[in-house]
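*Asks:* Below you will find the structure I want to go over with you.
The values are calculated or read from the model by the stated rules, or taken from the named source; none is laboratory data. Everything numeric here is computed off the predicted structure, so don't read it as measured data. Don't worry about glycine lacking a Cβ; one is built from the backbone with ideal geometry, like all the others, and counts go over all protein chains shown. Remember, those area values only see protein heavy atoms, side chains included, never the ligands or the DNA or RNA. Shrake-Rupley method; radii C 1.70, N 1.55, O 1.52, S 1.80 Å.
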Amino acid sequence: MSKIIVRGGRTLSGTVRVHGAKNSVLPILAAALLAEEGSSVIHDVPALDDVKNILQVLAALGVYAQQSDGSVRLQAETLTSCEAPYELVRKMRASFLVMGPLLARLGKVRISLPGGCAIGTRPIDQHLKGFEAMGAEIGFGQGTIEASVVGKLRGARIYLDIASVGATENIMMAATTATGTTIIENAAKEPEIVDLANFLNAMGAKVRGAGTGIIRIEGVEQLRGVEHHVIPDRVEAGTYMIAAAITGGDVYVEGAIRDHLGPIVAKLEEMGVVVDCDENGIRVKAIQPLRAVDVKTLPYPGFPTDMQAQMMTLLLVAEGTSIVTETVFENRFMHVEELIKMGAEIKVDGRTAIVTGGTKLSGASVCATDLRAGAALICAALVADGSTEVSGIHHIERGYMNIVNKLVALGADVYRAPSPEDVLEESEKASLQPENLLKQMEQRAAATSEVVIPRNIQPTLA
Ligand SMILES: CC(=O)N[C@H]1[C@@H](OP(=O)(O)OP(=O)(O)OC[C@H]2O[C@@H](n3ccc(=O)[nH]c3=O)[C@H](O)[C@@H]2O)O[C@H](CO)[C@@H](O)[C@@H]1O
Ligand SMILES: C=C(OP(=O)(O)O)C(=O)O
(Lines give C-alpha, C1' and ligand atoms only; values in the text may rest on other atoms or scores of the structure.)
(Ligands and ions follow the chains in the order given, each with its own letter.)
Protein backbone atom coordinates (compact mmCIF):
# COMPACT_ATOMS: atom_id res chain seq x y z
CA MET A 1 0.00 0.00 0.00
CA SER A 2 1.56 3.33 -1.04
CA LYS A 3 1.60 6.12 1.50
CA ILE A 4 2.11 9.85 1.61
CA ILE A 5 4.49 10.89 4.37
CA VAL A 6 4.35 14.46 5.65
CA ARG A 7 6.68 16.04 8.16
CA GLY A 8 4.79 19.00 9.54
CA GLY A 9 5.90 22.48 10.45
CA ARG A 10 6.78 24.10 7.12
CA THR A 11 5.07 27.36 6.09
CA LEU A 12 3.77 27.16 2.52
CA SER A 13 4.58 29.92 0.07
CA GLY A 14 4.70 30.46 -3.68
CA THR A 15 2.33 29.69 -6.52
CA VAL A 16 0.35 26.57 -7.27
CA ARG A 17 -1.62 26.05 -10.47
CA VAL A 18 -4.95 24.23 -10.35
CA HIS A 19 -5.86 21.58 -12.91
CA GLY A 20 -9.13 21.08 -14.79
CA ALA A 21 -12.12 20.19 -12.64
CA LYS A 22 -12.61 16.47 -12.00
CA ASN A 23 -16.33 17.01 -11.57
CA SER A 24 -16.58 18.80 -14.92
CA VAL A 25 -14.38 16.57 -16.96
CA LEU A 26 -16.19 13.36 -16.00
CA PRO A 27 -19.65 14.42 -17.26
CA ILE A 28 -18.07 16.16 -20.25
CA LEU A 29 -16.24 13.00 -21.31
CA ALA A 30 -19.52 11.09 -20.90
CA ALA A 31 -21.28 13.74 -23.01
CA ALA A 32 -18.80 13.13 -25.82
CA LEU A 33 -20.81 9.93 -26.42
CA LEU A 34 -23.50 12.16 -27.89
CA ALA A 35 -21.37 13.28 -30.86
CA GLU A 36 -22.72 11.39 -33.85
CA GLU A 37 -20.43 13.31 -36.15
CA GLY A 38 -16.84 14.56 -35.80
CA SER A 39 -14.41 14.31 -32.89
CA SER A 40 -14.56 16.06 -29.55
CA VAL A 41 -11.32 17.49 -28.22
CA ILE A 42 -11.31 18.20 -24.52
CA HIS A 43 -8.52 20.33 -23.06
CA ASP A 44 -7.31 20.76 -19.46
CA VAL A 45 -8.06 17.15 -18.67
CA PRO A 46 -6.27 16.24 -15.44
CA ALA A 47 -4.39 12.92 -15.31
CA LEU A 48 -6.47 11.46 -12.50
CA ASP A 49 -7.48 7.88 -11.81
CA ASP A 50 -11.14 8.84 -12.28
CA VAL A 51 -10.39 10.16 -15.75
CA LYS A 52 -8.56 6.97 -16.68
CA ASN A 53 -11.55 5.03 -15.44
CA ILE A 54 -14.20 6.91 -17.43
CA LEU A 55 -12.04 6.65 -20.55
CA GLN A 56 -12.01 2.89 -20.06
CA VAL A 57 -15.81 2.90 -19.80
CA LEU A 58 -16.03 4.91 -23.03
CA ALA A 59 -13.58 2.54 -24.75
CA ALA A 60 -15.79 -0.41 -23.74
CA LEU A 61 -18.70 1.36 -25.48
CA GLY A 62 -16.74 1.79 -28.69
CA VAL A 63 -15.36 5.32 -28.28
CA TYR A 64 -11.86 5.78 -29.69
CA ALA A 65 -9.84 8.10 -27.45
CA GLN A 66 -6.35 9.53 -27.86
CA GLN A 67 -4.68 11.35 -24.99
CA SER A 68 -1.82 13.80 -25.26
CA ASP A 69 -0.53 16.42 -22.89
CA GLY A 70 -3.69 17.27 -20.96
CA SER A 71 -6.03 16.89 -23.93
CA VAL A 72 -8.22 14.03 -25.09
CA ARG A 73 -9.62 13.54 -28.59
CA LEU A 74 -12.71 11.33 -28.68
CA GLN A 75 -14.33 9.74 -31.67
CA ALA A 76 -17.83 8.43 -30.86
CA GLU A 77 -19.39 8.20 -34.32
CA THR A 78 -19.81 4.42 -34.09
CA LEU A 79 -20.73 2.95 -30.74
CA THR A 80 -20.30 -0.78 -30.42
CA SER A 81 -21.98 -1.54 -27.09
CA CYS A 82 -24.71 -0.21 -24.83
CA GLU A 83 -23.32 -1.98 -21.79
CA ALA A 84 -21.09 -0.28 -19.22
CA PRO A 85 -19.03 -3.06 -17.63
CA TYR A 86 -19.54 -3.83 -13.96
CA GLU A 87 -15.86 -3.74 -12.93
CA LEU A 88 -15.51 -0.19 -14.24
CA VAL A 89 -18.78 1.25 -12.93
CA ARG A 90 -18.08 -0.33 -9.54
CA LYS A 91 -14.78 1.59 -9.32
CA MET A 92 -16.32 5.00 -9.82
CA ARG A 93 -19.85 6.31 -9.31
CA ALA A 94 -19.50 8.97 -11.99
CA SER A 95 -19.45 6.25 -14.68
CA PHE A 96 -23.21 6.16 -14.16
CA LEU A 97 -23.23 9.41 -16.15
CA VAL A 98 -23.02 7.42 -19.39
CA MET A 99 -26.62 6.29 -18.86
CA GLY A 100 -28.28 9.49 -20.17
CA PRO A 101 -26.07 9.79 -23.27
CA LEU A 102 -26.48 6.08 -24.12
CA LEU A 103 -30.26 6.26 -23.84
CA ALA A 104 -30.23 9.29 -26.12
CA ARG A 105 -27.83 7.76 -28.65
CA LEU A 106 -28.85 4.08 -28.72
CA GLY A 107 -32.26 3.98 -27.02
CA LYS A 108 -31.01 1.30 -24.65
CA VAL A 109 -28.47 0.83 -21.92
CA ARG A 110 -27.35 -1.81 -19.46
CA ILE A 111 -25.37 -0.58 -16.50
CA SER A 112 -24.46 -1.74 -13.01
CA LEU A 113 -26.07 -0.11 -10.02
CA PRO A 114 -23.30 2.17 -8.75
CA GLY A 115 -23.89 1.32 -5.07
CA GLY A 116 -22.93 3.34 -2.02
CA CYS A 117 -19.55 4.52 -0.84
CA ALA A 118 -17.90 5.68 2.36
CA ILE A 119 -19.67 9.05 2.40
CA GLY A 120 -23.24 7.77 2.03
CA THR A 121 -25.67 5.47 0.24
CA ARG A 122 -25.96 7.80 -2.76
CA PRO A 123 -29.12 6.51 -4.46
CA ILE A 124 -29.87 7.20 -8.13
CA ASP A 125 -33.66 7.41 -7.89
CA GLN A 126 -33.74 10.98 -9.23
CA HIS A 127 -31.79 10.01 -12.36
CA LEU A 128 -34.21 7.14 -13.02
CA LYS A 129 -37.28 9.25 -12.29
CA GLY A 130 -36.10 11.66 -14.99
CA PHE A 131 -35.49 8.95 -17.60
CA GLU A 132 -38.88 7.36 -16.88
CA ALA A 133 -40.62 10.71 -17.29
CA MET A 134 -38.96 10.89 -20.70
CA GLY A 135 -40.44 7.55 -21.76
CA ALA A 136 -37.73 5.07 -20.79
CA GLU A 137 -38.73 1.66 -19.46
CA ILE A 138 -36.50 0.69 -16.58
CA GLY A 139 -35.88 -2.84 -15.33
CA PHE A 140 -33.63 -4.16 -12.58
CA GLY A 141 -31.56 -7.31 -12.91
CA GLN A 142 -29.03 -8.68 -10.44
CA GLY A 143 -27.20 -5.50 -9.55
CA THR A 144 -27.83 -4.05 -12.99
CA ILE A 145 -30.26 -1.64 -14.54
CA GLU A 146 -31.58 -2.02 -18.05
CA ALA A 147 -33.35 0.86 -19.67
CA SER A 148 -34.79 1.24 -23.13
CA VAL A 149 -37.07 3.49 -25.07
CA VAL A 150 -39.10 2.85 -28.19
CA GLY A 151 -38.09 5.51 -30.69
CA LYS A 152 -36.68 8.66 -29.11
CA LEU A 153 -36.82 9.96 -25.57
CA ARG A 154 -39.57 12.52 -25.13
CA GLY A 155 -39.19 15.93 -23.52
CA ALA A 156 -40.83 16.16 -20.06
CA ARG A 157 -41.14 18.40 -17.03
CA ILE A 158 -39.07 16.84 -14.27
CA TYR A 159 -39.00 18.06 -10.69
CA LEU A 160 -35.99 16.79 -8.73
CA ASP A 161 -36.76 16.08 -5.07
CA ILE A 162 -33.10 16.87 -4.34
CA ALA A 163 -31.00 19.26 -6.41
CA SER A 164 -28.74 16.37 -7.42
CA VAL A 165 -25.68 17.27 -9.48
CA GLY A 166 -25.45 13.87 -11.18
CA ALA A 167 -29.20 13.61 -11.89
CA THR A 168 -29.25 17.12 -13.38
CA GLU A 169 -26.30 16.22 -15.64
CA ASN A 170 -27.62 12.82 -16.68
CA ILE A 171 -31.10 14.15 -17.52
CA MET A 172 -29.68 17.23 -19.26
CA MET A 173 -27.56 15.00 -21.54
CA ALA A 174 -30.44 12.60 -22.24
CA ALA A 175 -32.72 15.51 -23.13
CA THR A 176 -30.44 17.09 -25.74
CA THR A 177 -31.81 14.97 -28.60
CA ALA A 178 -35.24 14.11 -27.15
CA THR A 179 -38.35 15.19 -29.02
CA GLY A 180 -39.77 18.42 -27.61
CA THR A 181 -38.67 20.35 -24.55
CA THR A 182 -37.46 19.07 -21.19
CA ILE A 183 -37.66 21.26 -18.11
CA ILE A 184 -35.65 20.30 -15.03
CA GLU A 185 -37.03 21.97 -11.91
CA ASN A 186 -34.96 22.21 -8.71
CA ALA A 187 -31.89 21.58 -10.87
CA ALA A 188 -28.43 21.68 -9.33
CA LYS A 189 -26.63 25.00 -9.98
CA GLU A 190 -22.97 23.99 -9.63
CA PRO A 191 -20.39 25.59 -11.99
CA GLU A 192 -19.75 22.09 -13.40
CA ILE A 193 -23.38 22.00 -14.61
CA VAL A 194 -22.77 25.24 -16.48
CA ASP A 195 -19.54 23.87 -17.95
CA LEU A 196 -21.36 20.78 -19.20
CA ALA A 197 -24.19 22.90 -20.65
CA ASN A 198 -21.62 25.06 -22.48
CA PHE A 199 -20.05 21.95 -23.97
CA LEU A 200 -23.45 20.56 -25.02
CA ASN A 201 -24.47 23.89 -26.56
CA ALA A 202 -21.24 24.06 -28.53
CA MET A 203 -22.09 20.57 -29.82
CA GLY A 204 -25.38 21.94 -31.12
CA ALA A 205 -27.69 21.39 -28.14
CA LYS A 206 -30.17 23.97 -26.90
CA VAL A 207 -29.77 24.14 -23.14
CA ARG A 208 -30.91 27.29 -21.34
CA GLY A 209 -30.85 28.23 -17.66
CA ALA A 210 -27.88 26.10 -16.52
CA GLY A 211 -26.65 27.59 -13.25
CA THR A 212 -30.20 28.39 -12.15
CA GLY A 213 -32.78 26.10 -10.54
CA ILE A 214 -34.70 25.68 -13.81
CA ILE A 215 -33.02 24.27 -16.89
CA ARG A 216 -34.82 24.09 -20.22
CA ILE A 217 -33.57 21.77 -22.94
CA GLU A 218 -35.08 21.91 -26.39
CA GLY A 219 -34.31 18.66 -28.19
CA VAL A 220 -32.32 18.85 -31.44
CA GLU A 221 -31.80 16.25 -34.19
CA GLN A 222 -28.14 15.44 -33.54
CA LEU A 223 -24.94 16.69 -31.91
CA ARG A 224 -21.41 16.95 -33.29
CA GLY A 225 -17.96 16.82 -31.71
CA VAL A 226 -16.32 20.13 -30.72
CA GLU A 227 -13.34 21.46 -28.78
CA HIS A 228 -13.78 22.45 -25.16
CA HIS A 229 -11.65 23.69 -22.25
CA VAL A 230 -12.66 22.35 -18.84
CA ILE A 231 -13.05 24.88 -16.00
CA PRO A 232 -10.46 24.93 -13.18
CA ASP A 233 -11.08 22.62 -10.24
CA ARG A 234 -12.64 24.70 -7.46
CA VAL A 235 -12.22 21.95 -4.88
CA GLU A 236 -8.54 21.49 -5.64
CA ALA A 237 -8.15 25.30 -5.48
CA GLY A 238 -10.01 25.45 -2.16
CA THR A 239 -7.83 22.66 -0.75
CA TYR A 240 -4.61 24.59 -1.51
CA MET A 241 -6.19 27.73 -0.02
CA ILE A 242 -6.77 25.79 3.20
CA ALA A 243 -3.28 24.26 3.08
CA ALA A 244 -1.84 27.79 2.81
CA ALA A 245 -4.00 29.13 5.65
CA ILE A 246 -3.35 26.24 8.04
CA THR A 247 0.43 26.70 7.78
CA GLY A 248 0.21 30.48 8.20
CA GLY A 249 1.50 30.70 4.65
CA ASP A 250 1.22 32.98 1.64
CA VAL A 251 0.16 31.16 -1.52
CA TYR A 252 -1.17 32.28 -4.89
CA VAL A 253 -3.60 29.72 -6.29
CA GLU A 254 -3.35 30.29 -10.01
CA GLY A 255 -6.46 29.51 -12.02
CA ALA A 256 -8.84 29.68 -9.04
CA ILE A 257 -12.08 31.46 -9.98
CA ARG A 258 -13.41 33.62 -7.18
CA ASP A 259 -17.03 33.33 -8.27
CA HIS A 260 -16.83 29.53 -7.94
CA LEU A 261 -15.30 29.78 -4.47
CA GLY A 262 -17.62 32.31 -2.79
CA PRO A 263 -18.28 30.34 0.43
CA ILE A 264 -14.61 29.38 0.89
CA VAL A 265 -13.44 32.97 0.43
CA ALA A 266 -16.18 34.22 2.80
CA LYS A 267 -15.36 31.70 5.55
CA LEU A 268 -11.61 32.25 5.30
CA GLU A 269 -12.16 36.01 5.59
CA GLU A 270 -14.46 35.51 8.61
CA MET A 271 -11.62 33.57 10.21
CA GLY A 272 -9.22 36.45 9.62
CA VAL A 273 -7.35 35.11 6.59
CA VAL A 274 -6.41 37.73 3.98
CA VAL A 275 -7.80 36.69 0.58
CA ASP A 276 -6.97 38.72 -2.54
CA CYS A 277 -8.71 37.75 -5.75
CA ASP A 278 -7.78 38.83 -9.25
CA GLU A 279 -8.77 37.57 -12.67
CA ASN A 280 -6.02 34.94 -12.76
CA GLY A 281 -6.27 33.47 -9.31
CA ILE A 282 -6.55 33.92 -5.56
CA ARG A 283 -3.86 34.80 -3.04
CA VAL A 284 -4.28 33.50 0.50
CA LYS A 285 -2.23 34.97 3.32
CA ALA A 286 -2.89 33.73 6.80
CA ILE A 287 -2.26 35.91 9.77
CA GLN A 288 -2.69 33.71 12.79
CA PRO A 289 -4.40 33.40 15.24
CA LEU A 290 -7.49 32.54 13.23
CA ARG A 291 -11.05 32.85 14.55
CA ALA A 292 -13.50 29.93 14.90
CA VAL A 293 -16.50 29.99 12.52
CA ASP A 294 -19.53 27.76 11.95
CA VAL A 295 -19.92 25.99 8.63
CA LYS A 296 -22.93 24.25 7.08
CA THR A 297 -22.66 22.38 3.79
CA LEU A 298 -25.34 23.00 1.18
CA PRO A 299 -25.77 22.59 -2.58
CA TYR A 300 -24.14 25.35 -4.65
CA PRO A 301 -23.90 28.28 -4.03
CA GLY A 302 -23.78 27.06 -0.43
CA PHE A 303 -20.63 25.76 1.25
CA PRO A 304 -19.50 22.68 -0.75
CA THR A 305 -19.57 19.31 0.97
CA ASP A 306 -16.37 18.50 -0.96
CA MET A 307 -14.57 21.17 1.14
CA GLN A 308 -16.07 20.26 4.53
CA ALA A 309 -13.29 17.93 5.70
CA GLN A 310 -10.49 20.34 4.72
CA MET A 311 -12.31 23.27 6.37
CA MET A 312 -12.80 21.25 9.56
CA THR A 313 -9.06 20.71 9.67
CA LEU A 314 -8.42 24.45 9.43
CA LEU A 315 -10.87 25.05 12.28
CA LEU A 316 -8.65 22.86 14.47
CA VAL A 317 -6.01 25.61 14.48
CA ALA A 318 -8.48 28.48 15.10
CA GLU A 319 -9.19 30.04 18.49
CA GLY A 320 -12.53 28.91 19.91
CA THR A 321 -15.17 26.31 19.12
CA SER A 322 -16.75 25.83 15.68
CA ILE A 323 -19.80 23.87 14.61
CA VAL A 324 -19.69 22.03 11.30
CA THR A 325 -22.96 20.70 9.90
CA GLU A 326 -23.02 18.30 6.94
CA THR A 327 -26.39 18.35 5.17
CA VAL A 328 -25.54 16.85 1.76
CA PHE A 329 -24.21 13.37 2.60
CA GLU A 330 -25.29 11.34 5.63
CA ASN A 331 -21.88 9.89 6.46
CA ARG A 332 -19.23 12.42 5.63
CA PHE A 333 -17.37 12.67 8.94
CA MET A 334 -15.08 9.67 8.40
CA HIS A 335 -12.03 11.95 8.69
CA VAL A 336 -12.93 12.84 12.29
CA GLU A 337 -11.72 9.56 13.73
CA GLU A 338 -8.42 9.93 11.90
CA LEU A 339 -7.99 13.56 12.98
CA ILE A 340 -8.61 12.47 16.58
CA LYS A 341 -5.64 10.08 16.21
CA MET A 342 -3.60 13.22 15.52
CA GLY A 343 -4.80 14.88 18.73
CA ALA A 344 -7.86 16.76 17.42
CA GLU A 345 -10.79 17.46 19.75
CA ILE A 346 -13.96 16.88 17.73
CA LYS A 347 -17.32 15.53 18.89
CA VAL A 348 -19.79 14.24 16.35
CA ASP A 349 -23.51 14.20 17.02
CA GLY A 350 -25.44 13.02 13.95
CA ARG A 351 -24.78 15.46 11.17
CA THR A 352 -23.03 17.99 13.42
CA ALA A 353 -19.44 18.10 14.55
CA ILE A 354 -18.23 20.32 17.36
CA VAL A 355 -14.63 21.29 16.73
CA THR A 356 -12.45 22.62 19.54
CA GLY A 357 -9.80 24.87 18.09
CA GLY A 358 -6.28 25.47 19.34
CA THR A 359 -5.31 21.87 20.10
CA LYS A 360 -1.83 20.84 19.08
CA LEU A 361 -1.79 18.18 16.36
CA SER A 362 0.81 15.43 16.33
CA GLY A 363 1.93 13.14 13.53
CA ALA A 364 0.29 9.70 13.41
CA SER A 365 -0.50 6.85 11.02
CA VAL A 366 -3.86 7.69 9.50
CA CYS A 367 -5.99 6.41 6.66
CA ALA A 368 -7.80 8.35 3.92
CA THR A 369 -11.28 6.83 3.87
CA ASP A 370 -12.39 8.93 0.91
CA LEU A 371 -11.00 11.57 -1.41
CA ARG A 372 -11.60 14.74 0.62
CA ALA A 373 -10.96 13.01 3.95
CA GLY A 374 -7.51 12.25 2.52
CA ALA A 375 -6.97 15.87 1.52
CA ALA A 376 -7.99 16.99 5.01
CA LEU A 377 -5.49 14.61 6.62
CA ILE A 378 -2.71 16.01 4.48
CA CYS A 379 -3.69 19.56 5.53
CA ALA A 380 -3.62 18.48 9.18
CA ALA A 381 -0.26 16.75 8.70
CA LEU A 382 1.26 19.97 7.34
CA VAL A 383 0.95 21.56 10.82
CA ALA A 384 1.29 18.48 13.00
CA ASP A 385 4.37 17.94 15.13
CA GLY A 386 6.50 15.19 13.62
CA SER A 387 5.71 12.83 10.83
CA THR A 388 2.29 11.66 9.55
CA GLU A 389 1.82 8.61 7.34
CA VAL A 390 -1.33 8.77 5.23
CA SER A 391 -2.47 5.47 3.74
CA GLY A 392 -5.45 4.89 1.42
CA ILE A 393 -3.93 7.39 -0.99
CA HIS A 394 -5.64 5.84 -4.03
CA HIS A 395 -8.65 7.88 -2.84
CA ILE A 396 -6.57 11.08 -2.91
CA GLU A 397 -5.22 10.27 -6.38
CA ARG A 398 -8.80 10.12 -7.71
CA GLY A 399 -8.99 13.90 -7.41
CA TYR A 400 -5.61 15.58 -6.91
CA MET A 401 -3.07 15.38 -9.68
CA ASN A 402 0.58 15.71 -8.53
CA ILE A 403 -0.42 16.69 -5.01
CA VAL A 404 2.95 15.70 -3.57
CA ASN A 405 4.97 17.66 -6.15
CA LYS A 406 2.71 20.68 -5.83
CA LEU A 407 3.09 20.75 -2.04
CA VAL A 408 6.86 20.26 -2.29
CA ALA A 409 7.03 23.23 -4.69
CA LEU A 410 5.27 25.29 -2.00
CA GLY A 411 7.89 24.28 0.56
CA ALA A 412 6.19 21.32 2.29
CA ASP A 413 8.22 18.37 3.51
CA VAL A 414 6.26 15.57 1.89
CA TYR A 415 6.92 12.51 -0.22
CA ARG A 416 5.13 9.50 -1.61
CA ALA A 417 6.40 6.16 -0.38
CA PRO A 418 5.51 3.51 -2.94
CA SER A 419 4.30 0.18 -1.63
CA PRO A 420 6.47 -2.92 -2.06
CA GLU A 421 3.87 -4.09 -4.63
CA ASP A 422 4.26 -0.85 -6.59
CA VAL A 423 8.03 -1.24 -6.58
CA LEU A 424 7.64 -4.83 -7.70
CA GLU A 425 5.20 -3.76 -10.42
CA GLU A 426 7.65 -1.11 -11.62
CA SER A 427 10.52 -3.60 -11.75
CA GLU A 428 8.26 -6.13 -13.48
CA LYS A 429 7.31 -3.50 -16.05
CA ALA A 430 10.98 -2.65 -16.54
CA SER A 431 11.85 -6.29 -17.02
CA LEU A 432 9.28 -6.48 -19.81
CA GLN A 433 10.97 -3.69 -21.78
CA PRO A 434 12.35 -5.19 -25.07
CA GLU A 435 15.98 -4.33 -24.29
CA ASN A 436 15.72 -5.98 -20.86
CA LEU A 437 13.96 -9.03 -22.31
CA LEU A 438 16.79 -9.41 -24.78
CA LYS A 439 19.36 -9.07 -21.97
CA GLN A 440 17.53 -11.77 -19.99
CA MET A 441 17.47 -14.08 -23.02
CA GLU A 442 21.17 -13.54 -23.57
CA GLN A 443 21.94 -14.27 -19.92
CA ARG A 444 19.82 -17.42 -20.08
CA ALA A 445 21.48 -18.46 -23.32
CA ALA A 446 24.96 -17.91 -21.86
CA ALA A 447 23.99 -20.10 -18.91
CA THR A 448 22.60 -22.88 -21.13
CA SER A 449 24.80 -22.29 -24.20
CA GLU A 450 21.63 -21.81 -26.30
CA VAL A 451 22.10 -19.60 -29.39
CA VAL A 452 19.80 -16.58 -29.35
CA ILE A 453 19.06 -14.67 -32.49
CA PRO A 454 17.00 -11.59 -31.73
CA ARG A 455 13.88 -11.47 -33.87
CA ASN A 456 14.73 -8.20 -35.63
CA ILE A 457 17.99 -9.65 -36.99
CA GLN A 458 16.72 -13.10 -37.81
CA PRO A 459 17.63 -14.17 -41.37
CA THR A 460 14.66 -14.34 -43.70
CA LEU A 461 14.00 -17.92 -44.63
CA ALA A 462 13.78 -18.70 -48.28
C1 LIG B 1 -18.57 13.45 -10.00
C2 LIG B 1 -19.25 14.52 -9.24
O3 LIG B 1 -19.63 15.54 -9.78
N4 LIG B 1 -19.36 14.34 -7.92
C5 LIG B 1 -19.96 15.35 -7.11
C6 LIG B 1 -21.46 15.24 -7.19
O7 LIG B 1 -21.80 13.91 -6.78
P8 LIG B 1 -23.28 13.37 -7.06
O9 LIG B 1 -23.74 13.87 -8.37
O10 LIG B 1 -23.25 11.91 -6.82
O11 LIG B 1 -24.07 14.08 -5.88
P12 LIG B 1 -25.60 14.47 -5.84
O13 LIG B 1 -25.73 15.95 -5.97
O14 LIG B 1 -26.33 13.63 -6.78
O15 LIG B 1 -25.96 14.05 -4.36
C16 LIG B 1 -26.44 14.96 -3.39
C17 LIG B 1 -27.36 14.24 -2.43
O18 LIG B 1 -28.49 13.78 -3.14
C19 LIG B 1 -28.72 12.40 -2.89
N20 LIG B 1 -29.31 11.80 -4.12
C21 LIG B 1 -28.70 11.99 -5.31
C22 LIG B 1 -29.22 11.45 -6.46
C23 LIG B 1 -30.41 10.71 -6.38
O24 LIG B 1 -30.94 10.20 -7.37
N25 LIG B 1 -30.99 10.57 -5.17
C26 LIG B 1 -30.47 11.09 -4.02
O27 LIG B 1 -31.04 10.93 -2.93
C28 LIG B 1 -27.32 11.86 -2.58
O29 LIG B 1 -27.39 10.65 -1.86
C30 LIG B 1 -26.72 13.00 -1.79
O31 LIG B 1 -27.12 12.90 -0.45
O32 LIG B 1 -22.05 16.21 -6.33
C33 LIG B 1 -21.73 16.03 -4.95
C34 LIG B 1 -22.49 17.08 -4.16
O35 LIG B 1 -22.03 18.34 -4.44
C36 LIG B 1 -20.22 16.14 -4.76
O37 LIG B 1 -19.90 15.84 -3.43
C38 LIG B 1 -19.48 15.19 -5.67
O39 LIG B 1 -18.10 15.49 -5.65
C1 LIG C 1 -17.38 12.85 -3.56
C2 LIG C 1 -16.57 13.22 -4.55
O3 LIG C 1 -16.53 12.67 -5.78
P4 LIG C 1 -17.40 11.47 -6.40
O5 LIG C 1 -18.78 11.96 -6.59
O6 LIG C 1 -16.71 11.24 -7.71
O7 LIG C 1 -17.32 10.33 -5.43
C8 LIG C 1 -15.62 14.35 -4.41
O9 LIG C 1 -15.10 14.81 -5.45
O10 LIG C 1 -15.37 14.77 -3.29
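*Asks:* Which lysines have a Cα lying under 18 Å from the Cα of LYS152, excluding residues fewer than 8 positions away in the same chain?
*Replies:* Those lysines meeting the cut-off are LYS108, LYS129, LYS206.
*Asks:* Can you list the residues, at least 5 places off or on another chain, whose amide H is less than 5 Å from the amide H of TYR159, using H built in the peptide plane?
*Replies:* Close amide H contacts, sequence-distant or interchain: GLU185.
*Asks:* Let me ask something additional. Determine, from the Cβ-Cβ distance of ASP161 and ILE340 and an R0 of 35 Å, the FRET efficiency 1/(1 + (r/R0)^6), rounded to the nearest 0.05.
*Replies:* The calculated FRET efficiency here is 0.50.
*Asks:* What list of ³J(HN,Hα) couplings, whole Hz, do you get for the range 309-314 from phi and the Karplus terms 6.51, -1.76, 1.60, once you set θ to phi - 60° and write x for glycine and proline?
*Replies:* Going residue by residue, I get 5, 5, 5, 4, 5, 5 Hz, with x marking Gly and Pro.
*Asks:* Extension gain GLU330-LYS285, at 0.36 nm per residue separation less the Cα-Cα distance, in nm?
*Replies:* Gain in length upon complete extension: 12.9 nm.
*Asks:* At what distance in nm do the modelled label points of THR121 and ASN402 sit from each other, each positioned 7 Å from its Cα along Cα→Cβ?
*Replies:* Each label point lies 7 Å from its Cα, and together they span 4.2 nm.
*Asks:* Please list, in order, the residues from the range 293-329 whose amide nitrogen is less than 16 Å from a point placed 7 Å along the Cα→Cβ vector of THR356.
*Replies:* Under cut-off, by backbone N: 315-324.
*Asks:* Which of the lysines could be linked to LYS347 by a straight reach, that is with a Cα gap under 26 Å, when you skip same-chain ones fewer than 8 residues away?
*Replies:* Reachable lysines: LYS267, LYS296, LYS360.
*Asks:* Can you give the convex hull volume of the alpha carbon atoms of the range 254-303 per residue, in Å³?
*Replies:* 62
*Asks:* Quick check on the chain: of the DSSP beta bridges with both residues there, what percent are antiparallel, nearest 5%?
*Replies:* Rounded to the nearest five, the antiparallel share is 70 percent.
*Asks:* Something else: Once both labels are modelled 7 Å past Cα along the beta-carbon direction, what's the LEU79-HIS229 spacing in nm?
*Replies:* A separation of 3.0 nm, rounded to one decimal place.
*Asks:* If you don't mind, there's one more thing I want to ask. So, taking all protein chains as they sit and a 1.4 Å probe, how much accessible area belongs to CYS367, in Å² rounded to tens?
*Replies:* Roughly 50 Å² of CYS367 is accessible to a 1.4 Å probe.
*Asks:* Quick query: amide H of ARG10 versus all other amide H atoms, modeled in the peptide plane; which residues come in under 5 Å with a sequence gap of 5 or more or a different chain?
*Replies:* ASP413
*Asks:* Still on this structure, I have one more. Can you bin the range 22-229 into rounded, prolate or oblate? Criterion: square roots of the alpha carbon gyration tensor eigenvalues sorted a ≥ b ≥ c, rounded for a/c under 1.5, prolate for a/b above b/c, oblate for the rest.
*Replies:* Because its axes are fairly even, with a/c under 1.5, the range 22-229 counts as rounded.
*Asks:* Using the crude model of +1 on Lys and Arg Cβ and -1 on Asp and Glu Cβ, and no other charge, please compute the dipole size for the range 22-229 relative to its Cα centre, in debye to 20.
*Replies:* 280
*Asks:* Something else about it: Tally the DSSP beta bridges in the range 22-229 and give the antiparallel ones as a percent, rounded to 5.
*Replies:* 70
*Asks:* Now for a separate question. What shape does the chain have by the C-alpha gyration tensor, where a ≥ b ≥ c are the square roots of the eigenvalues, rounded means a/c under 1.5, and otherwise prolate means a/b greater than b/c and oblate the rest?
*Replies:* Because a/c hits 1.5 or more and a/b fails to exceed b/c, the chain counts as oblate.
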